[in-house]
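Peer 1: Dumping the structure here so I can ask a few things about it.
The values are calculated or read from the model by the stated rules, or taken from the named source; none is laboratory data. Source: prediction; values computed, not measured. Glycine also receives a Cβ, built like all others from the backbone with ideal geometry; neighbour counts cover every protein chain displayed. With ligands, DNA and RNA removed, areas are computed over all heavy atoms of the protein, side chains included. Shrake-Rupley method; radii C 1.70, N 1.55, O 1.52, S 1.80 Å.
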Amino acid sequence: MHRISVALVRLRECSACRLRHAFAPLALVLVLAGAAVLPLLPRLPSPAVCVVTFVVSLVLWRWPLLRWIALPLVGAAWCGWWADLALQRRLPQQLEGADLDLQVQLAELPDRRGDSTRLDLDVEHAMLDGRPVALSGRIRVAWYGETPPLRPCSRWQLRARLKRPRGASNPGGVDMERHALQLGIRATGYLRTEVTPRELGLARFCLDAWRERIAHAIERSVADTRLAALLRALAVGDQRGLDDAHWQVLRATGVGHLIAISGFHVGMLALAAAACARWLWRCCPRLVLRWPGAVLEAPFALLAASVYTALAGFGLATLRTLLMLAVFALAQLLRRHLPVTQSLALALLVLFAADPLAILSPGFWLSFAGVALLVYALREPRRRAWWRELAPAQIAMSLGLLPLTVWFFAQSSLVGPIANLVAVPWISLVVVPVTLAGALIVVPLPHIGAPLLWLAANLLDPQWALLRWQASWPLAQWYFAETSVLAFGAAALGVAWLLLPRAVPLRGLGLLLLLPQLWPSPRSPAPGDFELSVIDVGQGLSVLVRTQRHALLYDAGARFPSGFDLGEAVVVPSLHALGVRTLDGLIVSHADNDHAGGVDAILRQLPPKALWLGDPGIVPGRGRPCRAGQRWIWDTVEFHMLHPADKTSGSENDQSCVLLVQSGTARVLLTGDISARVEPAVAVAAGHEPLVLVVPHHGSKTSSSAALLDSLTVQQALVSAAYRSRFGHPHAEVVARYHERGITLVNTATAGCIRLRFSPRAPPQTIEHCRRDRVRYWTE
């Protein structure tokens, strides 16, 4: 009986221990669930509500059964309070467009691209007309033209024109306002060079200076700039040298998490440092007479991980791994056993408590979810070799992260699991150690470090060639249409079901729950109907016209000298989000960059079946010229080219392709950048029936003449222009001209993307204005 009693006591103690071990991850999931609700809200609860909610959750904590309610409330209150504080610290609206005199410190490595240099600056002091103003924290500015040497951590006196963080508002693509909030960027803008910027000196301690010296040393040691850029990313987290070709390969193969200092790399280095410490105490056995070997290994591992994390600039993935290692090290020093799940939960809790807005970053969720899936896949010790565990672990991670990847990026790499099977061990176990060894000694001992970097480049070269080949496979990268939160939740539940132990029956039914997210059915226009989407591309134009089974794109947005391509970054993701798989036609109205700059990205990713050009030089040797009289019909919707005529003379803008789309009484006129000189002829060709007008030349004062507006019957006018356009579009006189005639004027600068539905015998219906209908609490 005594033995049975002892066994029962031990069983209860073991069960309680397991319950405590399981409680920490589950409690953290509930805290994050509460915080994750906030990004879905159009506005935040007030700070007073957040404080009251936090107090209520503390009161509820007294009762164990109510703690499951208290935990989500704690997460929501803490994150909501921080988010409100961050929004209040943005640039005051009355300072937008003003020239501010700033005293700043360079916060990140300067990024030179094309004709400008991007700078992240920490504002120390700001003045307007000699008076101090309320602005502090991080800003991001562009310095156009040539710059003097920009030393890391240098302090400067300069003048800048700023605005609150603002980006394009469309289906798909990156939400720049959310991104700026997560990074703590208070304002964006550009330097005013009429006042010469003046360097004030250097900060006393500068980690970025160390990173910059290593990056330059890698450039000198590796002749191949393509490989040098990759090694810089691996060694010091410097991604400035990665161009569009690099990122295309990384996205298509799903190995972007490796070509940077990732958490896995930090963990491998920590293990290597622990192994060195173990060798040290085995060489000196007297060391373990005072301290256990495990206690000696922990500080070495933590120190190595800290150095590598510093090289990465304390990125999110590396910081997560460092926190996990710190928890492990503390447990070792205190001689406590700590399961991996608890250490992961504690690291995540510390990161969330210190920076609740980290939940706005896709990397936050992907990083911790990836580690959790890896722990789950390897939860049971097996007798197989480690390399035989890679395939099951990779499959579990690829499948488990699929809903998150599709939710955040609307795309997935189909060759990713195959590419990672080779890339993960080769890069992490071979390339990274050699790269890091070379990077750490190349500055003090270049004769030793340079050959190591050369060796790392040659080890990376065949792997990169393999990745480029895999990226060229058909369907290597797959894009998904926009889905709802419910579809994401169903997919997450389906993945959890699929990853249950093998003994669980009917696991395959989890695949059905993935279908709403992976195979959505976007609503197509009815026969005879068509939809118009004016995509928000800032100062430029890109318009999608969809019929029941066809899609036409009119213009493609701009590509800037810095390399930023609105066709790649905005137009293509918007088309994918709207469910456009193929383009039946592409019209490039004329050769101006803000209309034709993104054409190459469109031709590369969504090659159209037909191509019309306002200028043959836009795409030499391809397409047909736009000519008045061209006509075709898709799904009973008529398309008429009204301009230019065969021998039209005048400016390039006046050669713009002008297209009339018509179905019954529903009509839309796309005008490019035509001026008042040719507008009367276009008005005659268009006729007097009511129509929706895409305003010529973004509302320039040289267009939208009284003759045009008096000749047409305009139901609604749509302007594609940038917020606080430096060209002043739409011009005040033009706006007044439309208002005098009672015409509703809608501008993408304030409305975001504009989507309308047209039916043959009904007035146009607004589907959405993205900035109004997709509003989140961070939206301007």
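Peer 1: Look at ALA601 and say whether it is open to solvent by less than 10 Å² (accessible area, probe 1.4 Å) and either on the phi < 0 side of the Ramachandran plot or touching a helix residue (DSSP H, G or I) at 6+ places or on another chain (Cβ under 6 Å) (or both).
Peer 2: yes
Peer 1: I'd like the full set of residues that are of a type outside the set (Asp, Glu) and within 41 Å of the chain's Cα centre (by Cα), limited to segment 645-664. I'd like the intermediate steps shown before the answer.
Peer 2: Going residue by residue through segment 645-664, those that are of a type outside the set (Asp, Glu) are 645, 647-651, 653, 655-664.
Across segment 645-664, the qualifying residues are SER651, ASN653, GLN655, SER656, CYS657, VAL658, LEU659, LEU660, VAL661, GLN662, SER663.
Peer 1: For the list (1) more than 24 Å from ALA569 (Cα to Cα); (2) open to solvent by less than 60 Å² (accessible area, probe 1.4 Å); (3) touching a residue at least 60 places away in the same chain (Cβ under 8 Å), I need the number of the one condition that LEU513 fails.
Peer 2: Every listed condition holds for LEU513 apart from (3).
Peer 1: A further question on this structure: Which condition number in (1) open to solvent by 50 Å² or more (accessible area, probe 1.4 Å); (2) of a type in the set (Gly, Ala, Ser); (3) closer than 24 Å to ARG211 by Cβ is the one that SER154 fails?
Peer 2: Going through (1) open to solvent by 50 Å² or more (accessible area, probe 1.4 Å); (2) of a type in the set (Gly, Ala, Ser); (3) closer than 24 Å to ARG211 by Cβ one by one, SER154 breaks only (1).
Peer 1: Of all residues in segment 395-428 being open to solvent by less than 30 Å² (accessible area, probe 1.4 Å) and among the polar types (S, T, N, Q), which is nearest to LEU460 (Cα to Cα)?
Peer 2: Per the stated criteria, the residue is SER428.
Peer 1: Which of the residues that make up segment 92-110 are farther than 27 Å from GLN239 by Cβ and assigned to a loop (DSSP other than H, G, I, E, B)?
Peer 2: Correct list: PRO92, GLU96, GLY97, ALA98.
Peer 1: Looking for something crowded, with 20+ Cβ neighbours inside 10 Å, in contact with an Asp or Glu (Cβ under 9 Å, 6 or more places away or on another chain) and either more than 26 Å from HIS576 (Cβ to Cβ) or free of Cβ contacts under 8 Å to residues at least 40 places away in the same chain (or both) - is there at least one such residue anywhere in segment 460-480?
Peer 2: For segment 460-480, residues crowded, with 20+ Cβ neighbours inside 10 Å, in contact with an Asp or Glu (Cβ under 9 Å, 6 or more places away or on another chain) and either more than 26 Å from HIS576 (Cβ to Cβ) or free of Cβ contacts under 8 Å to residues at least 40 places away in the same chain (or both): absent.
Peer 1: For VAL545, all conditions in the list (1) touching a residue at least 24 places away in the same chain (Cβ under 8 Å); (2) open to solvent by less than 10 Å² (accessible area, probe 1.4 Å); (3) more than 30 Å from VAL637 (Cα to Cα) hold save one; what is the number of the exception?
Peer 2: Just one mismatch for VAL545, condition (3).
Peer 1: Just give me the residues in segment 243-259 being surrounded by fewer than 19 Cβ atoms within 10 Å (Cβ to Cβ), under 22 Å from GLY313 (Cβ atoms) and of a type in the set (A, V, I, L, M, F, W, C), in sequence order.
Peer 2: The answer is TRP247, and nothing else.
Peer 1: Quick one: in segment 493-503, which of the residues that are of a type outside the set (Val, Ile, Thr) and part of a helix (DSSP H, G or I) is least open to solvent (accessible area, probe 1.4 Å)?
Peer 2: Of segment 493-503, the ones of a type outside the set (Val, Ile, Thr) are 493-494, 496-503.
This time we only want the ones that are part of a helix (DSSP H, G or I), so: 493-494, 496-498.
On the way: LEU493: 109, GLY494: 0, ALA496: 54, TRP497: 84, LEU498: 27 Å².
Among them, the one singled out is GLY494.
Peer 1: From the set of residues in segment 248-299 that are of a type in the set (Lys, Arg) and modelled with pLDDT of 75 or more, which is farthest from the chain's Cα centre (by Cα)?
Peer 2: ARG282
Peer 1: Hey, does segment 162-173 have a residue that's crowded, with 21+ Cβ neighbours inside 10 Å, hydroxyl-bearing (Ser, Thr, Tyr) and closer than 22 Å to GLN539 by Cα?
Peer 2: yes
Peer 1: Touching a Leu at 6+ places or on another chain (Cβ under 9 Å), open to solvent by 10 Å² or more (accessible area, probe 1.4 Å), under 21 Å from PRO561 (Cα atoms) and touching a residue at least 24 places away in the same chain (Cβ under 8 Å): is that true of PRO110 in this structure? Write out each step before concluding.
Peer 2: Details: touching a Leu at 6+ places or on another chain (Cβ under 9 Å): yes; open to solvent by 10 Å² or more (accessible area, probe 1.4 Å): yes; under 21 Å from PRO561 (Cα atoms): yes; touching a residue at least 24 places away in the same chain (Cβ under 8 Å): yes.
For PRO110, the condition - touching a Leu at 6+ places or on another chain (Cβ under 9 Å), open to solvent by 10 Å² or more (accessible area, probe 1.4 Å), under 21 Å from PRO561 (Cα atoms) and touching a residue at least 24 places away in the same chain (Cβ under 8 Å) - is met.
Peer 1: Follow-up question, since we're still on this one. Examine segment 321-342 for a residue that is part of a helix (DSSP H, G or I), under 26 Å from LEU40 (Cβ atoms) and open to solvent by less than 40 Å² (accessible area, probe 1.4 Å), and state whether such a residue exists.
Peer 2: no
Peer 1: Contact list please: Cβ distance under 7 Å, first residue in segment 668-695 and crowded, with 24+ Cβ neighbours inside 10 Å, second residue of a type in the set (Asp, Glu) and not in a helix (DSSP H, G or I), pairs at least six apart or on different chains.
Peer 2: Pairs found: ASP673/ASP592.
Peer 1: Of the residues that make up segment 576-597, is at least one farther than 26 Å from GLU652 by Cα and either surrounded by 24 or more Cβ atoms within 10 Å (Cβ to Cβ) or of a type in the set (Ser, Thr, Tyr) (or both)?
Peer 2: Yes, because at least one residue in segment 576-597 is farther than 26 Å from GLU652 by Cα and either surrounded by 24 or more Cβ atoms within 10 Å (Cβ to Cβ) or of a type in the set (Ser, Thr, Tyr) (or both).
Peer 1: Any chance you could count how many residues in segment 239-277 are of a type in the set (Gly, Ala, Ser) and in contact with a strand residue (DSSP E or B) (Cβ under 8 Å, 6 or more places away or on another chain)?
Peer 2: 2
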